[in-house]
Number of protein chains: 2
Amino acid sequence: MQRTDFSEMTCSIARSLAVAGEPWSPLILRDAWVGINRFDDLQRDLGVSRKVLAERLKHLVEAGMLERRLYAERPGRYEYVLTRKGFEFVDVLMVMAQWGDRWTAGDAGPPVLRRHRACGEVTQIELRCAECGEIVTSSDVEVEPGPGMAA
Amino acid sequence: MQRTDFSEMTCSIARSLAVAGEPWSPLILRDAWVGINRFDDLQRDLGVSRKVLAERLKHLVEAGMLERRLYAERPGRYEYVLTRKGFEFVDVLMVMAQWGDRWTAGDAGPPVLRRHRACGEVTQIELRCAECGEIVTSSDVEVEPGPGMAA
DNA sequence: CACGGTGAGTTCCCTTACGGAACTCACGAT
DNA sequence: ATCGTGAGTTCCGTAAGGGAACTCACCGTG
């Protein structure tokens with residue numbers, strides 16, 4: 001856990017980070033997304049210490065991002081699968097990956113491509129306004145207080 | 001706590017986190033986005049320690065996310081403004097905020113609303129495939145090796 | 001039956017980063 | 001001459017991360 005607790009802040013970004021922003025947590029969720037679901041596999045793939053991995057998995061399960069599911073009895077073996085909440089968070093990771101492709105990949109190009117199953121194409125993801133359908137960038141948006149803003 | 005360096009990993013998510021994933025960095029970028037650009041204002045708004053804030057600002061400037069801009073000479077005073085790279089990262093933060101609105105806001109509702117200047121509406125952001133225009137969710141996408149993938 | 005292997009953690013120690021407060025520095029204003 | 005301000009820097013105690021070793025429950029083989 002980060003030293004400062006973000007979960008009580010009046011900010012959806014801060015609260016998201018409190019759930020999934022600790023070091024390694026986004027990478028654990030990415031792995032769970034692409035089918036790496038077991039403790040030892042996660043540890044090997046990420047190179048994270050077993051200690052921290054155990055802590056993160058516990059936190060992500062308690063936060064409802066992952067479900068700890070028994071996949072073999074006698075001896076009890078568990079795997080971690082994304083919940084709906086966790087799945088929706090992968091949207092954030094896809095946009096982050098796309099930003100990383102553009103700004104950190106260098107000449108070698110992006111390490112992975114994302115293919116849209118429905119149309120079969122390697123896809124770029126666009127952020128569009130659900131009201132008018134136009135592409136939205138951060139400079140097109142202004143923020144204003146919402147109902148959950150404290151006085 | 002020594003932290004593992006994500007910047008050399010062959011993963012655009014990990015490399016994005018190496019740039020902007022440290023504790024507080026996303027919140028600093030959010031603040032820079034909404035117009036909180038000066039050291040003391042950032043410190044007051046976030047409640048981060050001045051020590052960590054100074055480290056994060058240095059790192060974000062070196063990474064090209066923020067520009068340290070002189071806004072008053074004699075005595076030299078500086079503010080931090082988003083670069084294009086930083087601005088594009090705000091896309092990630094907007095999607096993250098939307099996820100947080102949905103999954104962490106509770107009954108009070110979202111603390112801030114995002115209004116699309118072009119159409120004037122409070123907007124939900126949709127992720128759409130640039131090829132076919134359909135909405136994309138994480139389960140519609142499969143990943144495959146790209147040019148930057150190591151052997 | 002003893003032995004080794006496997007998956008899923010837990011424990012221990014060491015180092016480093018964070019939090020918080022105090023301090024500095026260069027100026028401008030009173 | 002002193003106070004205030006913005007932008008940091010320094011110092012110290014504590015807690016979190018890294019990494020290796022250890023545990024525990026079971027299974028398969030000789």
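Any read-out appearing in this document is the output of simple, stated calculations on the displayed coordinates, not a laboratory observation. Keep in mind it's a predicted model, so treat the numbers as computed, not measured. Neighbour counts run over all protein chains shown; Cβ positions are idealised from the backbone, glycine included.
Listing for the model above:
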| item | result |
| --- | --- |
| Normalised alpha carbon radius of gyration of region A:79-151 [divisor 2.2 N^0.38 Å] | 1.45 |
| Cβ-derived FRET efficiency at R0 25 Å, B:Arg102 paired with A:Glu62, nearest 0.05 | 0.85 |
| Average other protein chain Cβ within 10 Å of Cβ, residues B:22-30 | 4 |
| 222 nm mean residue ellipticity, helices alone, for the protein assembly as shown (DSSP H n ≥ 4; -39,500 (n - 2.57); rounded to 500) | -12500 deg cm²/dmol |
| Spatial separation of Cα centroids for region A:102-151 and region A:63-98, in angstrom | 23 |
| Percent of Cα pairs exceeding the 25 Å cut-off, where the set is the protein assembly as shown | 50 |
| Kirkwood Rh in Å, taken over region B:29-91 so that all alpha-carbon pairs contribute | 11.8 |
| Cα Rg, Dmax (largest Cα-Cα span) when computed across region A:61-116, Å | 16.3, 50 |
| Over region B:24-147, relative contact order from alpha-carbon pairs under 8 Å, at least 6 apart, % | 16 |
| Cα-based convex hull volume of chain A per residue, rounded to whole Å³ | 181 |
| Contact order normalised by residue count of region A:1-86, Cα under 8 Å, 6+ apart, percent | 23 |
| Hull volume in cubic angstrom per residue (convex hull over the Cα atoms of region A:1-49) | 72 |
